[in-house]
Structures are given as C-alpha cells and as structure tokens.
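The values are calculated or read from the model by the stated rules, or taken from the named source; none is laboratory data. Fair warning: this is a prediction, and the values are worked out from it, not measured in the lab. For neighbour counting, all protein chains shown are included, and Cβ atoms are generated from backbone atoms with ideal geometry for every residue, glycine included.
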Amino acid sequence: MGYDLVRVAAHVHGHLGWLSAAALAHPAILLRHQKRKAHLAVALATLLPTLTGAGGVWIYGPYRDRIKQSIFIDFRWVGLVFERKEHLAFGAIVLAWAAAVAYFLALRAEEPSRGHLRTFAFRGFAASALLALAVAVLGTVVASYRSL
C-alpha cells in the first residue's frame, strides 16, 4: 500500500492550520505592550500561515478533481463551509502580513506614528489569529465529512 502524497499533504495542511492559529496569537499577546520586541514571533507567525496557505493552494487542484463535486452533491452546506474557509484563510494571511509590515515599520517610525503602527500590529495579529481559529474549526468540520 503506497502513500498518496496529496492525502498526506492534506493532513499536514490541517495540522499546520491549527498551529498557525496558535502562532498568530503569540505576537498578539506579546504586542499588547507597546515597547515589547517580538521580531522572531512576528516573522514566524507570518511565515507559518503563509506556508500553510501555499500548501492549501497546492492541494486545491486534487481536491477539486477528486471530491469537491461529491461534497456539493451529498453535503452542500459542507461545500459552502469549505468555500468560506478559503476566504477566511486568505484574510488571515493578508492581516498577518499587514500586521508584520506595521510592526517592522514601527521600529523606525517617530512618535506618534510608532504607537499607531504598534497598535495596528497588535490588532492585526489578534484579528488574524481569530480568523485562523475559525478556519481551523471549519477545516476540521469539512474533513470530518470527507477528506482527500
């Protein structure tokens, strides 16, 4: 019995989704304090969801070819949940990048811009973490009905 690389990638993608939600919460927690430095947390919390999303893009073709139609036929609401999951995941990644850019711009900014950028970074990571958590939950719901 051989391994189906796409199936393994889909399972890894799901696990990385949960880890991404946790990783995005970390800089949000650290950045509650305006003066706290969180370079590594910000960089890794931006990188992990980005790589997870890239993995999702990679497995989307086989998903579409193998099971998307049957999900919509058998469980239309599950198919719609999957479509929303994709949109929320994109939003989580974009917010993470926007928050990371704001954080790193704040390092060289003058007051009051520095404070505003740091506040945006904190809020951006918090919102991104919430979206990623929603994505992980929705992904688990979809996978419990049918997976690759």
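In region 31-39, is there at least one residue being part of a helix (DSSP H, G or I), loosely packed, with under 15 Cβ neighbours inside 10 Å and over 10 Å from the mean Cα position of the chain (by Cα)? Yes, because at least one residue in region 31-39 is part of a helix (DSSP H, G or I), loosely packed, with under 15 Cβ neighbours inside 10 Å and over 10 Å from the mean Cα position of the chain (by Cα).
Is it the case that some residue within region 49-70 is touching a Gly at 6+ places or on another chain (Cβ under 9 Å) and among the charged types (D, E, K, R)? So far as region 49-70 goes, yes, one or more of its residues are touching a Gly at 6+ places or on another chain (Cβ under 9 Å) and among the charged types (D, E, K, R). Ala92 fulfils the conditions (1) of a type outside the set (D, E, K, R); (2) surrounded by fewer than 17 Cβ atoms within 10 Å (Cβ to Cβ); (3) within 16 Å of Ser128 (Cα to Cα) except for a single criterion, (2). Per the listing Ala100, Ala89, Ala109, the residue uniquely under 15 Å from Val137 (Cα atoms), small (Gly, Ala, Ser) and either in a loop (DSSP other than H, G, I, E, B) or in contact with a Gly (Cβ under 9 Å, 6 or more places away or on another chain) (or both) is Ala89.
Before we move on, is Ala10 part of a helix (DSSP H, G or I) and within 28 Å of Phe120 (Cβ to Cβ)? No; evaluated as a whole, the condition is false for this residue. Residues in region 47-76 that are aromatic (Phe, Trp, Tyr) and part of a helix (DSSP H, G or I): Trp58, Tyr60, Tyr63, Phe72. Of the listed requirements (1) hydroxyl-bearing (Ser, Thr, Tyr); (2) out of contact with any helix residue (DSSP H, G or I) (no Cβ under 7 Å at 6 or more places or on another chain); (3) surrounded by 15 or more Cβ atoms within 10 Å (Cβ to Cβ), Tyr60 misses just one: (3). Filtered by the rule that a residue be more than 11 Å from the chain's Cα centre (by Cα) and among the basic types (Lys, Arg), region 50-98 gives Arg64, Arg66, Lys68, Arg76, Arg84. Filtering region 112-148 to residues that are part of a loop (DSSP other than H, G, I, E, B) and in contact with a Phe, Trp or Tyr (Cβ under 7 Å, 6 or more places away or on another chain) leaves only Leu148. Restricting region 66-124 to residues that are over 15 Å from Ala38 (Cα atoms) and among the hydroxyl-bearing types (Ser, Thr, Tyr), the residue that is modelled with the highest pLDDT is Ser113.
Look at region 8-22: where a residue is of a type in the set (A, V, I, L, M, F, W, C) and a partner is surrounded by fewer than 19 Cβ atoms within 10 Å (Cβ to Cβ) and not in a helix (DSSP H, G or I), sitting 6+ places away or on another chain with Cβ atoms under 8 Å, you get Ala10/Ser147; Ala10/Leu148.
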